[in-house]
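Have a look at the structure below, then the notes.
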Amino acid sequence: MAKATFVVPALRQYPQVPAVTPGTMAHSAPFVAKPEFQSPLGFPGALADDWQAQAITKMGELLGKYRSLRVYMDSCVKCGACTDKCHYFLGTKDPKNMPVGRQDLMRKVYRRYFTLVGRIAPKLVGATDFTKEVLDDWYSYFHQCSQCRRCSVFCPYGIDTAEISMAAREIMDSIGVGQKYCNEIIGKVYTIGNNLGLPGPALRDTLEGLEEDVYDETGVKVRYPIDQVGADILLVTPSADFFAEPHVDGLIGYGKVFHEAGVSWTLSSYASEAANFGMFIGSYENMRRISLRIREEAIRLKVKRIIFGECGHAWRVAYSFLNTLAGPWDFLDSRYPVPQHICEFTYDLIQQGKLTFDKTQNDDKVLTYHDSCNVARASRMGDQPGGQFDIPRAIIKAVCNQFYDMDEDTIRDRTFCCGGGGGLLTDDLMELRVKGAQPRVEALNNVMQEKGVTHMAAICAICKSQFTKVLPYYGMEMDQIVSLHQLVSNAIVLTPREDDDEDDDEDGEDDAQALDDDDSESIDEAA
Ligand code: SF4
Ligand code: SF4
């Protein structure tokens, strides 16, 4: 069991609403971004003397720009339906982690400056000045929200605390109080191309290694191409897929699916990141800058389709906003959705009977499935309502003999967050991450006890990283979390190609051409 410097909650059979304990997480706040992490994103480096006026001006701007924010500020009736729905409240007992408690941190400032009664008689409506103490509370508790939207499912008015958290972070960034983890990562995307800071040569080495590993294991030459001009498909995937377990096993699976589909595809060393942390900090401009890299590469590589790998919030950004952020996509093949999820691609092939599986290859596992928040509550898949729930499960059932869902109150649109989403996947928030994972881990533990489940599959890089880290705190194994396409990879029966015994230069794979050295160098320099 992993050692903790805090008390790890005991697992119970069912989540219980804890007694409210004010201030239990007041000490929790992520590291603040230094000026060098702020400026590349267009934010000031530190608080100015007139920060309060700046913050109120920014808040007014957002209230004008996002009608939903003003509606959320005005419409809460304090019914209490959301109070026990946030995993961070259930795990920490802190009332400011109740969704309504979190909202009220902004609402009391909103009322003070943007409502008549709040201006005249603030105490009557619980309005307060935007003091440094209030700002510190904002920084702490708006970084204890993973923007998972679970609370909005239960709110009769549909108030979305995720959007309030995004707005709060945008206001704080605009006055020089950014979060180190998110803002440093966004800077890496601008300078290197991905969250992990993996340069082009490292990506190419990794992919060559994967080709060798898969060939050694299967005798089939599966390609993992990068920067191939003229490939049909550009795969945009989280950079964790390039090296970390269990993510990379998913990437191996994508390649095998493309191989069986007989399509040409490529990764990009310039757009080598599906994740878009611009959403976590509520910054439309940074979300747009990150998304535009995908557009630039789609044009440069002359692809016809774009497919996203397993990343929850990347799919939310792609599904909901990609067209607005980086469209129009009229240069792509209009016969395919823009963008498409790798699960949709694999599922379509399964439906058409184009993939063959040996399900016994996964018989050492009994599976359950974790619905990642951003896929579950902020996107869809396929052309049927609920496709984002049904398609991943259908794939798992096609490749595994043993599958059991967790309790119905903890899956599909009621799924519990992994505890590390929304820009909180940083070691300086480990206590929050472990405590916030409690409701999900309890549901997992129940199916382990009752059904003999051994592994949990997910289609989100953050979920996989989070569970790898937090499961040991609860006495579980880090490798109990697996990539969905890892299961596909284990079971898929590969078809050898005629060129499997020939050497690479003679294989004539598809029509795609690798970028020549000059092109590759220019991409590396741009990154
Ligand atoms: S969006 Fe998720 S993390 Fe944020 S308050 Fe709602 S339930 Fe909690
Ligand atoms: S459920 Fe909605 S209306 Fe009720 S307290 Fe929560 S935010 Fe307010």
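Asp213 fulfils the conditions (1) buried (at least 19 other Cβ atoms within 10 Å of the Cβ); (2) out of contact with any helix residue (DSSP H, G or I) (no Cβ under 7 Å at 6 or more places or on another chain) except for a single criterion, (1). Once the range 136-158 is narrowed to residues that are open to solvent by less than 10 Å² (accessible area, probe 1.4 Å) and not in a loop (DSSP other than H, G, I, E, B), the residue that is farthest from ligand 2 (Cβ to nearest atom) is Ser140.
Can you pull out every residue in the range 120-135 that is away from ligand 2 (no atom under 16 Å from the Cβ), open to solvent by less than 50 Å² (accessible area, probe 1.4 Å) and in a helix (DSSP H, G or I)? Correct list: Pro122, Val134, Leu135. Scanning the range 236-275 for residues that are polar (S, T, N, Q) and within 19 Å of the chain's Cα centre (by Cα) gives Thr237, Ser239, Ser272. Here Thr218 meets each of (1) buried (at least 23 other Cβ atoms within 10 Å of the Cβ); (2) more than 27 Å from the chain's Cα centre (by Cα); (3) of a type outside the set (A, V, I, L, M, F, W, C) with one exception, condition (1).
If you go through the range 178-203 and keep only what is open to solvent by 60 Å² or more (accessible area, probe 1.4 Å) and more than 20 Å from Gly42 (Cβ to Cβ), you end up with Leu196, Pro199, Pro201. Can you spot a residue in the range 461-475 that is touching a residue at least 24 places away in the same chain (Cβ under 8 Å) and within 16 Å of Asp364 (Cβ to Cβ)? There is no residue in the range 461-475 that is touching a residue at least 24 places away in the same chain (Cβ under 8 Å) and within 16 Å of Asp364 (Cβ to Cβ).
Annotation: of all residues in the range 367-402 being β-branched (Val, Ile, Thr) and in contact with a strand residue (DSSP E or B) (Cβ under 7 Å, 6 or more places away or on another chain), the one that is nearest to ligand 2 (Cβ to nearest atom) is Thr368.
Is it fair to say Phe37 is aromatic (Phe, Trp, Tyr), touching a Lys or Arg at 6+ places or on another chain (Cβ under 7 Å) and surrounded by 17 or more Cβ atoms within 10 Å (Cβ to Cβ)? Against the criterion (aromatic (Phe, Trp, Tyr), touching a Lys or Arg at 6+ places or on another chain (Cβ under 7 Å) and surrounded by 17 or more Cβ atoms within 10 Å (Cβ to Cβ)), Phe37 qualifies.
Evaluated against (1) over 22 Å from Tyr181 (Cα atoms); (2) within 16 Å of ligand 2 (Cβ to nearest atom); (3) touching a Gly at 6+ places or on another chain (Cβ under 6 Å), Ala167 falls short on exactly one condition, (1).
Cβ separations smaller than 7 Å between residues 6+ apart or across chains give the following pairs from the range 321-333 residues that are over 13 Å from Leu292 (Cβ atoms) to residues that are open to solvent by 70 Å² or more (accessible area, probe 1.4 Å): Phe331/Ile299; Leu332/Lys304; Asp333/Lys304.
The values are calculated or read from the model by the stated rules, or taken from the named source; none is laboratory data. Note that the coordinates shown come from a computational prediction; the quantities given were computed from them, not determined experimentally. Every residue, glycine as well, gets a Cβ built from its backbone with ideal geometry; the counts of neighbours run over all protein chains shown. Accessible surface areas use protein heavy atoms only, side chains included; no ligands, DNA or RNA. Shrake-Rupley method; radii C 1.70, N 1.55, O 1.52, S 1.80 Å.
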